[in-house]
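One structure is given here, and the rest of the page talks about it.
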Amino acid sequence: MAAAATRILMRRPTAIFLNASRLDYDKALDFSRLQKITDLTVNSVDAMTDADEIASLVNSSNAEIIITKEMEVPLAAVQKFSSNVKLMCEAGTGYNNIPSVDARTKGILVCNIPTYSTESVAHMVITYVMNFSAAIFQQAKMLHEGNQSNFRVFQHPIYEISNKKIGLIGGSGTIGTAVADVALPLGMEVLISSRSGRLPKGHKYENNDRVKVVPLDELLASSDFVSINCPLNSETRHSIGDREIRLMKPTAFLINTARGAIINEAELINCMKEKVIAGAGLDTQEVEPPAADSDLWTLDNVFLTPHIGWRRLETRQRLVDMTTDNIESYIGGKTKNVIN
């Protein structure tokens, strides 16, 4: 039996990483284990958009396995894939960029990596919280503009984060829980929105008196920081807009490290122009990067980072290794993290 399993694992299917530079932009990652178990073609681009080009590249490589990182794979491309394609691996958590249901009808499994960046993204949330609480972004901007007046008369509200409330939209999930893991030792109170009014049975914070489950509107109205940690789907797309932002405290900050389209960006921009809330920290935007003429670039109370929650070196290497684990399981006949 062991010999048979070894023979299966010795099979080296063809694989192509369609946009490897999105992940390995600094050429610092080790793909040797993946290269050992597959005949791997690395396409060193950040993204591809043309369906015919994608399909042509996949079919000409005779790929059985396709790997992508946050790249939109059009349905038209999937429909043109040869019957040789059996597995699509999203090297990341979100898979809304892949038409997974349609892929399944062609006999193509789709898998993802749900936990590779949990701590890194959670730490990104807390990084925003810490910076906002000490007005670090605002002060750095003043210095960059040559304005040193803050050193003579301090001009920004700053405060401790102990006993402040952080509201987690999607807070009962893996990343939301990891945010709570960091926020609680800092003395913060954690509010989690839930339609059911309770955490899932057995959740680690189910009986913690500093973690409260409240309706979304109450979370928005009560929190000093609101962090979006839910997935993007048909229910959550543009679920945070004008109405929700106007429920927040004028001193509160909105933080998004999940997916940009969860926020209605046009409505957010209008609210930020009116200074409805104190600030917004967006590690993800609806279009990445935002259009050159987007007001997001120029608003003095909006702070952008280029989707770096997952980009730390160790996080990216973990992603390569866990993608390899998925493919190794597939080769061995035991699929892993399949979402369709």
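The values are calculated or read from the model by the stated rules, or taken from the named source; none is laboratory data. Quantities reported herein were computed from a predicted structural model and do not represent experimental measurements. Cβ atoms come from the backbone with ideal geometry, glycine included; neighbour counts cover every protein chain shown. These accessible areas exclude ligands, DNA and RNA; they are computed on the full protein's heavy atoms, side chains included. Shrake-Rupley method; radii C 1.70, N 1.55, O 1.52, S 1.80 Å.
Considering only protein heavy atoms and a probe of 1.4 Å, how much of the accessible area of the chain is carbon and sulfur, as a whole percent?
Numbers: 8520 of 16080 Å².
Answer for the chain: carbon and sulfur cover 53 percent of the accessible area.
Just from its helices, what would the mean residue ellipticity at 222 nm be for the chain, if runs of 4 or more DSSP H residues each count -39500 (n - 2.57) and the sum is divided by every residue, rounded to the nearest 500 deg cm²/dmol? All intermediate terms of the calculation are to be shown ahead of the outcome.
Numbers: 12 runs with 113 residues, N = 340.
Computed mean residue ellipticity for the chain: -9500 deg cm²/dmol.
Each peptide in 271-283, 150-162, 221-233 receives the mean, over its residues, of other Cβ atoms within 10 Å, and ordering these scores from highest gives 221-233, 271-283, 150-162. Cα centroids of the range 132-157 and the range 167-211: 33 Å apart.
Relative contact order, whole percent, for the chain stands at 16, derived from Cα pairs under 8 Å and 6 or more residues apart. Taken per residue, the accessible surface of the chain reaches 47 Å², heavy atoms only and a 1.4 Å probe. Straight Cα distances below 13 angstrom link Lys273 to the aspartates and glutamates Asp242, Glu265, Asp295, Asp300, with same-chain residues fewer than 8 positions distant left out. Couplings 3J(HN,Hα) for the range 153-163, derived from phi with the Karplus relation 6.51 cos²θ - 1.76 cosθ + 1.60 (θ = phi - 60°), are 10, 5, 10, 10, x, 10, 7, 6, 9, 4, 6 Hz, where x marks Gly and Pro.
For the range 332-340, putting each phi into the Karplus relation 6.51 cos²θ - 1.76 cosθ + 1.60 with θ = phi - 60° gives couplings of x, x, 10, 5, 9, 6, 6, 10, 10 Hz, in residue order, rounded to whole numbers and with x for Gly and Pro. Of Gln139, Gln148, Gln285, the residue with the greatest mean-square motion in the GNM of the chain, using alpha carbon springs below 10 Å, is Gln148.
Taking 27 Å as the cut-off for C-alpha to C-alpha distance, list the pairs among Lys204/Lys336; Lys212/Lys336; Lys27/Lys141; Lys36/Lys69 that go past it.
Numbers: Lys204/Lys336 25 Å; Lys212/Lys336 34 Å; Lys27/Lys141 31 Å; Lys36/Lys69 20 Å.
In this structure, Lys212/Lys336; Lys27/Lys141 exceed 27 Å between Cα atoms.
The amide H of Leu109, built 1.01 Å from its N in the peptide plane, has Leu87, Met88 as neighbours under 5 Å, considering only residues 5 or more places off or on other chains. Taking only alpha carbon atoms, the chain gives an Rg to Rh ratio of 1.02, where Rh is the Kirkwood radius. Taking only the alpha-carbon positions of the range 37-93 and ignoring solvent, what does the Debye formula give for the base-10 log of I(q)/I(0) at q = 0.17, 0.27 Å⁻¹? After summing over all Cα pairs, the log10 values are -0.51, -1.39. The relative contact order of the range 12-61 comes to 52 percent, based on Cα pairs under 8 Å that sit 6 or more residues apart. Taken along its three principal axes, the alpha carbon spread of the range 89-140 comes to 54, 18, 12 Å, from the longest extent down to the shortest.
Partners of Lys249 within straight-line reach, counting aspartates and glutamates whose Cα lies under 15 Å from its Cα and excluding those fewer than 8 residues away in the same chain: Asp217, Glu218, Asp224, Glu274. In order along the range 214-231, phi translates into HN-Hα couplings of 9, x, 4, 4, 5, 4, 4, 6, 9, 7, 7, 9, 10, 10, 8, 9, 9, x Hz, rounded to whole numbers, per the Karplus curve 6.51 cos²θ - 1.76 cosθ + 1.60 with θ = phi - 60° and x for Gly and Pro.
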